[in-house]
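Written below as structure tokens is the structure these notes are about.
No value in this document is a laboratory result; all are computed from the given coordinates. Please read all numbers here as calculations on a predicted model, not as lab measurements. Note: ideal-geometry Cβ built from the backbone for every residue, glycine included; neighbour counts use all protein chains shown.
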């Protein structure tokens, strides 16, 4: 009996490829872990994931029908309200149609637990780092033009646009902020400003309960950057507009819509849509972005 055990033990040591298991049968080989498919830049809608700070961060990327990875494209990153997700921002802002016409990329990131860690709320994630990493990835892999990267957002996403404009290390040429603002503890520091020129277009509803905060915030931004606002015709009843040239070469354009609340003006559908606002924030910011590439 001892001899039989010894022989079996020897056989197990010799046959290293298949370990002896129950009833002397080889243990099954563990299945190989499939590798993630390679990211292939191409026209269409792409639900993508990138790892940041140990988390899988998801985003929807829309590439227009004429997208060609051999040619640099403008990039707009659109940030949703809280609580929300990328698809809700996509429905609200209607950016894809403009992107298809002008051959631009649009990315719709998802905040963690429905929000972004912006100036006032919502969360504790390193969302500035995530947006920086996302921008770098889209520049390197999808050939986004680094001089034409823009941010837009509403509410929590608008606040996040201001934060990324300050902390994004010059990645963003301009931001379009709807029903959001430059406010909160971080902004109390006089030095909390972009180190590179970032132009701003913003839309504020006169009936928005946060309107006084947004108005104060944009005035503070203009004062710190030595901007000189002057009134301009809006072409729309009950809508005022100011345009300011700033000392660093950036520009600030402010639309105040007297009868609008916490909404996206001109949006045809989606939560926070204001289809009867009299103007389209999407069209106006798209034109503003086209006129304000990154300054050296």
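Here each label is just a point 7 Å from Cα along the line to Cβ, and for residue 232 and residue 126 those points are 3.8 nm apart. Here 148, 71 are placed in order of increasing Cβ neighbour count within 10 Å, fewest first, which gives 71, 148. With the simple spin-label model, which puts each label point 7 Å out from Cα in the Cβ direction, the residue 185 to residue 56 separation comes to 3.3 nm. Helix 127-141 axis versus longest C-alpha principal axis of the chain: approximately 80°, rounded to the nearest ten. Placing a label point 7 Å from the Cα of residue 207 along the Cα-to-Cβ direction, the residues of segment 248-268 whose backbone N falls under 16 Å of that point are 256-267. Taking the chain as a Gaussian network of alpha-carbon nodes connected by springs under 10 Å, the highest mean-square fluctuation of the residues 46, 62, 80 belongs to 46.
Placing a label point 7 Å from the Cα of residue 141 along the Cα-to-Cβ direction, the residues of segment 61-98 whose backbone N falls under 14 Å from that point are 61-63.
Report for segment 41-291 the percent antiparallel among DSSP-assigned beta bridges with both residues inside it, nearest 5. For segment 41-291, the DSSP antiparallel bridge percentage is about 50.
Could you calculate the contour length gain from residue 195 to residue 269, that is, 0.36 nm times the residue separation minus the distance between their Cα atoms, to one decimal place in nm?
23.0 nm
Report, to the nearest 10°, how far helix 156-167 tilts away from the longest principal axis of the Cα atoms in the chain, using its own Cα long axis and a range of 0 to 90°. Long axis of 156-167 versus the principal axis of the chain: about 90 degrees.
What is segment 170-214's relative contact order, in percent, from Cα pairs under 8 angstrom and six or more apart in sequence?
Working: 45 pairs, mean separation 24.8, N = 45.
Relative contact order, segment 170-214: 55 percent.
With helices as the sole contributors, the chain gives -8500 deg cm²/dmol at 222 nm; each DSSP H run of n ≥ 4 counts as -39500 (n - 2.57), and the sum is divided by every residue. From the alpha carbon centroid of segment 70-114 to that of segment 220-296 is 19 Å.
Backbone N atoms of segment 94-117 closer than 15 Å to the 7 Å Cα→Cβ label point of residue 71 belong to residues 99-105.
Per-residue packing, averaged as other Cβ atoms within 10 Å, sorts the ranges 154-163, 246-255 into the order 154-163, 246-255, beginning with the highest. Helix 281-291 axis versus longest C-alpha principal axis of the chain: approximately 90°, rounded to the nearest ten. A simple spin-label model places the labels of residue 49 and residue 276 4.4 nm from each other, with each point 7 Å out along Cα-to-Cβ.
By the beta-carbon count within 10 Å of each Cβ, the least crowded to most crowded order of 264, 286, 221, fewest first, is 286, 221, 264. Each Cα pair under 8 Å and six or more residues apart adds its separation to the average, and for the chain the resulting relative contact order is 14 percent.
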